[in-house]
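The next block holds one structure in the form of structure tokens; read it before the comments.
Since every read-out is calculated from the coordinates, none of them should be taken as a lab result. Here the structure is a predicted model, which means the values were calculated and not measured. Cβ: placed from backbone, ideal geometry, glycine included. Neighbour counts: every protein chain shown.
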Amino acid sequence: MRCVTWLGEEGLVLNVGLCNVSVELIKRARAVVAIATVQSEYSLYHRKPERDGLLQYCWDEGMAFLPTCALGGLKARRGERSLSADFPALCRIASRKGVSEYACV
């Protein structure tokens, strides 16, 4: 992180983001450099960022949270997951709105 700090001081990096980290690791990184964004897997299937406090921490500290795999990730792409089959309430909402279940996510 000290290298990233130096890059920022030299004007070569404007913002720093982290990927797949815990709240504790973010705190450690923030002791060295300002963190603008955090990216992590987050979807209806994977809610860990909610449970472990990552989303709330990002919100409280003014950091953007960038979810990955919002539509189910590779398992959905391979047909191993289906929003319509796994979340029927989502389909009902989508139907009422006249959009696909993916648009509701």
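Cα convex hull of the stretch 40-85: how many Å³ per residue?
Working: hull volume 3.1 nm³, N = 46.
Spelled out: Cα convex hull of the stretch 40-85, divided by residues, is 67 Å³.
Could you run the Debye sum over the Cα atoms of the stretch 3-45, one equal point scatterer each and no solvent, and tell me log10 of I(q)/I(0) at q = 0.25, 0.26 Å⁻¹, two decimals?
The computed values of log10 I(q)/I(0) come out as -0.88, -0.92.
Among Trp59, Ser84, Gly8, pick out the residue whose Cα is farthest towards the positive end of the charge dipole of the chain, where Lys and Arg carry +1 and Asp and Glu carry -1 on C-beta, about the Cα centre.
Ser84
Given +1 on the Cβ of Lys and Arg, -1 on the Cβ of Asp and Glu, and no further charges, what dipole in debye does the chain carry about its Cα centre, rounded to the nearest 20? It would help to have the intermediate numbers written out before the result.
Values: 14 positive and 11 negative charges, 90 e Å.
With only Lys, Arg, Asp and Glu charged at Cβ, the dipole is about 440 debye.
Which whole-Hz couplings ³J(HN,Hα) result when phi for each residue of the stretch 63-72 is put into the Karplus expression 6.51 cos²θ - 1.76 cosθ + 1.60, θ = phi - 60°, listed in order with x for Gly and Pro?
For the stretch 63-72, the Karplus curve yields 9, 6, 10, 10, x, 10, 6, 4, 9, x Hz.
Please give the net charge around Leu55, taking every other residue with its beta carbon less than 14 angstrom from that of Leu55, where Lys and Arg add +1 and Asp and Glu add -1.
Taking every Cβ under 14 Å from that of Leu55, the sum is -2.
Quick one: what Rg and Dmax do you get for the chain from the alpha carbons, in Å?
Gyration radius and largest Cα-Cα distance of the chain: 17.5, 53 Å.
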